[in-house]
Amino acid sequence: MRTWKVIFVLVLLFFGFLTAAFVKEARQGGKENLGAPEETPIEKCVEGFFQILSLSSPLYAEETPSLSTDSPEGEAGSAAEDSPETEDDAVSENRAGLNNLWVLIATFLVFFMQLGFMLVEAGFSRAKNAVNIMMKNVIDFAVGSLAFFVVGFGLMWGLDKCGFCGTRYFLPTSADVFKVNPELGWTFFLFQSVFCATSATIVSGAMAERTKFTSYLIYSLVISALIYPIFGAWTWGGGWLGRLGFHDFAGSTVVHSVGGWLALAGAATLGPRVGKYSADGRVNAIPGHHILMGALGVLFLWFGWFGFNPGSTLAVNSSIGYIAVTTNLAAAAGAVSAMVLASLVYGVSDATMTLNGILAGLVAITAGCDVVSPLGAILIGAMAGCLVIGSLLFIDRVLKIDDPVGAISVHAVCGTFGTICTGLFAADGTGLFYGGGTKFLLIQLLGAGIALVWALSFGFILFQAIKRTVGLRVSRHEELRGLDIEEHGMQAYPNFDTWTTV
Amino acid sequence: MKLIIAYIQPESLNDVKQALLKENIAKLSVVNALGCGHQLGYTEQYRGVVSEVNLLKKVRLEIAVNDDYLEKTLDVLIETARTGHIGDGKIFVVDLLDCIRIRTGERGKEAIG
């Protein structure tokens with residue numbers, strides 16, 4: 001314990017030093033880090049930063065932000081007519097190919113996050129429900145992919161005269177997707193699909209170990225087809241929130257908060273697992289069955305996040321490295337701050353809290369990973385790491401909402417926190433700490449609030465409707481015995497001795 | 001002195017343990033067990049092949065008690081492990097010849113309590 005106190009003081013000094021450095025940087029208006037301030041598009045500023053360090057290769061540095069370049073071969077026939085101007089030189093063709101390649105790699109990394117979610121949730125819940133968790137994470141991606149193709153993509157990216165949600169591009173064709181994004185086309189579509197799946201799969205963790213499988217299928221269909229795409233249309237699809245200047249680069253709000261608030265609605269509607277709260281109000285721990293598996297999942301998520309954030313540039317330019325750095329720093333700071341705080345509170349370095357701290361840092365940095373400075377990223381991550389512990393305890397002990405893996409704290413709370421922090425830390429001159437005034441901060445607050453209202457109200461209506469019709473929760477007998485046997489007719493570990501862990 | 005051997009459903013273990021503690025019966029052993037009784041089995045399915053599972057997972061409790069604690073312990077066990085469904089389990093009570101606490105060498109009544 002004494003060692004931990006010393007470490008705590010050291011870490012506090014370290015973060016204090018970084019804060020001082022940050023204050024100095026903010027006073028200078030972020031000029032040092034972000035290049036010439038008069039260049040308003042942030043990518044330009046960030047590129048400037050890398051040019052100073054001569055890290056950027058000439059090919060990328062010459063790039064213009066315009067998307068009106070060639071569409072890939074094969075689709076050129078239908079798409080070329082839609083592009084306002086076509087450059088025929090080899091350079092732009094190479095660039096389009098590179099952009100497609102990078103965004104596809106990022107897409108595959110984001111897909112890999114699905115594995116991360118599956119392992120985190122399975123590891124942090126009991127062995128008797130492992131098959132059920134696995135099935136939920138596999139099948140919500142499958143259902144979500146189909147629903148997003150049929151309805152979701154159109155609702156999100158087909159904004160027309162109706163400002164509420166998109167009204168065209170349902171069952172998109174090649175012509176449609178290249179109209180939405182002339183350069184990336186289907187790459188863009190797939191990238192959006194995996195983002196949608198990420199949002200959908202967050203909820204399964206909070207509702208783990210007691211939800212009816214069929215009810216979960218209905219939920220994952222609705223979020224992929226309606227809840228996520230409509231909110232996405234408001235922010236990324238050219239809707240009113242986006243036009244206000246709401247900045248959510250890779251989805252702290254759009255993906256994580258929406259999923260997280262839905263998780264809150266779901267977990268609250270379901271009620272706690274049997275044995276979580278005693279009749280006298282005592283809170284019981286229900287330990288997960290495989291901490292290594294949970295840790296593996298967290299590291300998979302960290303890895304996948306290098307596609308989630310840097311891939312959201314939708315182009316190959318020098319800012320992808322910058323974004324990867326801010327992403328990594330926030331995760332690292334989240335891990336350290338959560339570990340130290342948990343050690344101070346509990347006297348031991350708690351593994352699950354540390355792992356949650358990593359995720360908290362990652363979720364929080366997602367909104368502003370392109371506009372905050374590396375110092376800002378560290379501070380955001382460190383604060384998120386502390387916030388997630390407070391939030392986990394608050395939800396567990398005060399609200400008495402049973403969230404087996406901490407999805408609500410990690411995704412809803414830290415996502416909202418990160419979105420607001422972007423209004424404070426944005427180093428492009430709009431953030432409050434950089435003298436940008438409160439306007440941007442208020443827009444960020446509004447966006448985060450709208451996500452809360454939208455997802456929570458839609459979530460409560462949806463889960464109540466499911467509860468009243470097909471039923472949301474399995475029977476007590478089935479829950480005690482484990483969902484694996486009752487819902488799926490098998491056990492995850494038939495050759496292992498698992499049954500005294502109740 | 002009696003030895004109580006009880007086979008109960010794994011999911012009721014936590015409740016049973018808490019209730020026994022409340023009655024000051026804190027010394028027990030728990031062993032995983034497989035068994036079959038009147039409950040019959042259930043079917044499992046693995047890659048389309050259905051298999052009957054006849055041996056079910058149970059938990060075996062072993063509690064050594066002095067005679068004056070016997071009825072109290074049995075009451076707690078019955079009360080907390082009973083759901084009213086087939087498969088709740090069985091309790092066996094056998095006479096205990098002796099009991100020795102290894103650390104002190106105490107025997108009999110003192111060693112149990």
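Only the coordinates and a few stated rules stand behind these numbers; no lab work does. As the structure is a computational prediction, the values presented were derived from the model and not from experiment. Every residue, glycine as well, gets a Cβ built from its backbone with ideal geometry; the counts of neighbours run over all protein chains shown.
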- prompt: Taking the stretch B:56-113, which GluC sites (Glu not before Pro) meet the DSSP loop condition and have no more than 16 other C-beta atoms within 10 Å?
  reply: B:GLU106
statement: Calc'd 3J(HN,Hα), the stretch A:424-438, phi into Karplus 6.51 cos²θ - 1.76 cosθ + 1.60 (θ = phi - 60°), Hz, glycine/Pro = x, comes to 8, 9, 4, 8, 8, x, 9, x, 4, 5, 9, x, x, x, 9
message: I need two numbers for the protein assembly as shown: Rg to one decimal and Dmax as a whole number, Cα atoms only, in Å.
response: 28.4, 97
Neighbouring partner chain Cβ atoms per residue of B:10-16, average, 10 Å criterion: 5
message: Let me spell out the model: positive unit charges on the Cβ of Lys and Arg, negative unit charges on the Cβ of Asp and Glu, origin at the Cα centre of chain A. What dipole size does that give, in debye rounded to 20?
response: 2560 debye
Ranked packing of B:28-37, A:369-378, most packed first, by mean Cβ within 10 Å: A:369-378, B:28-37
task: Could you state, as a whole-number percent, how many of the C-alpha pairs of the stretch B:2-112 are farther apart than 21 Å?
output: 44 percent
query: Within chain A, how many Lys pairs sit with Cα atoms under 18 Å apart, leaving out pairs fewer than 8 places apart on the same chain?
result: 8
field: Reduced Cα scattering model of the stretch A:114-168, Debye log10 I(q)/I(0), q = 0.16, 0.19, 0.22 Å⁻¹
entry: -0.60, -0.67, -0.75
task: For a quick protection proxy, order the peptides A:311-318, B:38-45, A:354-361 by their average other-Cβ count within 10 Å, most packed first.
output: A:354-361, A:311-318, B:38-45
message: Give the average, rounded to an integer, of partner chain Cβ atoms located within 10 angstrom of each Cβ in A:483-493.
response: 2
- prompt: Tell me, what is the percent relative contact order of chain A, built from C-alpha pairs under 8 Å that lie six or more residues apart?
  reply: 22 percent
message: I'd like to compare A:193-204, A:239-250: which one has the highest average count of other Cβ atoms within 10 Å, and what's the full order after that?
response: A:193-204, A:239-250
